[in-house]
Amino acid sequence: MLTNLSWKTIHDVILKTIEEMLDEQQTLNVPSLRARLRELAESETDEVMVLCYWQASKVLTRLPPTVTASQLMTAARHAFRTPLNCDLL
């Protein structure tokens, strides 16, 4: 299956997950956000959404444990335009 995921889709997935975690008053940092995205991917049945959660988690591997919201969004925007070993910050 091939799909065209854009940075906007990844941005939306990250933002929605952050909002849910804040609503649940959970600790919010990069490791906890990545853990939540992995949980969502494991429980998802829609293959496109599994890919979205996986890609969003992959974007976050490039960031230090604590970052600003703008750093998260910059990482999402550059997810498909830079090699994995490129330091975005």
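The values are calculated or read from the model by the stated rules, or taken from the named source; none is laboratory data. Because the structure is predicted, anything quoted here is derived from the model rather than measured. Counting neighbours? That spans all protein chains shown, and the Cβs are built from the backbone with ideal geometry, glycine included. SASA here: full protein model, heavy atoms, side chains in, ligands and nucleic acids out. Shrake-Rupley method; radii C 1.70, N 1.55, O 1.52, S 1.80 Å.
A compact table of results
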{"quantity": "Residues satisfying the stated conditions in segment 3-17, i.e. open to solvent by 70 Å² or more (accessible area, probe 1.4 Å) and at pLDDT below 80", "calculated": "Asn4, Trp7, Lys8"}
{"quantity": "Extreme residue, least open to solvent (accessible area, probe 1.4 Å), among residues of segment 18-60 that are under 22 Å from Thr74 (Cβ atoms) and outside any helix (DSSP H, G or I)", "calculated": "Asn29"}
{"quantity": "Any pair with Cβ under 6 angstrom, 6 or more apart, that starts in segment 62-75 at a residue that is surrounded by 17 or more Cβ atoms within 10 Å (Cβ to Cβ) and ends at one that is in a loop (DSSP other than H, G, I, E, B) and modelled with pLDDT under 75", "calculated": "Arg62/Leu88; Ala75/Leu88"}
